[in-house]
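Please treat every number below as a calculation from the coordinates, not as lab data. Bear in mind that the values here come from a model prediction, so they are computed numbers and not experimental data. In this analysis, Cβ positions are derived from the backbone assuming ideal geometry, glycine residues included, and neighbour counts consider all displayed protein chains.
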Amino acid sequence: MSADVFSDHRHGETLTLDPARTAVIVVDMINEFCKPGGAMVLPGYETLVPQQLEVIEAARAVGAPVFWVHDVHRANMRRDREWVKRTPHCVEGTWGTEIIEDLGARADEIHIVKRRYSAFFQTDLDMTLKDMQITQLVVFGVVTNICVRSTVHDAFFIGYDVAVPQDCCAATGAREQESSLYDIATHFGVVTNAADVVASLKDGLALRQV
């Protein structure tokens, strides 16, 4: 996608991932959004899983922590902000809020509960990352144009370097995927792919915008 006149003023950015300072943030790869029977299923989630597993396993191999983000909402709220705009979903204590089994999330890894689109908004994600001396994030999951994008925005605002592997994310449509990744690459981080993230983590190669 070619840059517009305004966005064309961006710098040519590269990022090399340091395993000691990098965390992988897996956003909302949960039953509610992926599996039959979920309240808001995004078709084709299974096409993301092989690339996501490549990144997750590479992170584990080099000692970079993996964070699992769960969208969770309490029942009987008078006005849940997300439910104002979206079908009620991800009710606390239900199957829908659990990470899909395909990804092999571990109980000893870090699990973050969020109540809004961004994984940073009024959660302890930022504090936990700072306690782990993390400054670089690899963010992916569903959906690109809502929760992934919101999380990336907030990460940029508070000072993290962010990489988004495009083949590990899916949006609500092709237009939304292209537009969101374009904006992330132009204003908020580096858009790359899973193979390059793995190479950066394992071999110290620099990531470049795709």
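3J(HN,Hα) couplings calculated from phi for the stretch 141-155 with the Karplus curve 6.51 cos²θ - 1.76 cosθ + 1.60 (θ = phi - 60°) are, in sequence order, x, 10, 9, 4, 8, 10, 6, 5, 4, 4, 5, 5, 4, 5, 4 Hz; Gly and Pro show x.
Distance between the C-alpha centres of the stretch 138-186 and the stretch 9-79: 11 Å, rounded to the whole angstrom. The phi-based Karplus calculation (6.51 cos²θ - 1.76 cosθ + 1.60; θ = phi - 60°) puts the 3J(HN,Hα) values of the stretch 199-204 at 5, 5, 5, 8, 10, x Hz, whole numbers, x for Gly and Pro.
Placing dummy labels 7 Å off each Cα toward the beta-carbon, the span from residue 49 to residue 206 is 3.7 nm.
In plain terms, the chain from residue 62 to residue 101 could stretch by 11.8 nm, reckoned as 0.36 nm per residue minus the Cα-Cα distance. Ordering of 188-197, 54-63 by packing is 188-197, 54-63, highest average first (other Cβ atoms within 10 Å, averaged per residue).
Among the trypsin sites (Lys or Arg not before Pro) within the stretch 86-149, those in coil by DSSP and having at most 13 neighbouring Cβ atoms inside 10 Å are 106. At an R0 of 22 angstrom, the distance between the Cβ atoms of residue 74 and residue 124 translates into a FRET efficiency of 0.80.
With contacts taken as Cα pairs under 8 Å at a separation of at least 6 residues, the chain carries a relative contact order of 28 percent.
Working from label points 7 Å from Cα in the Cα-to-Cβ sense, the residue 133 to residue 183 distance is 3.6 nm.
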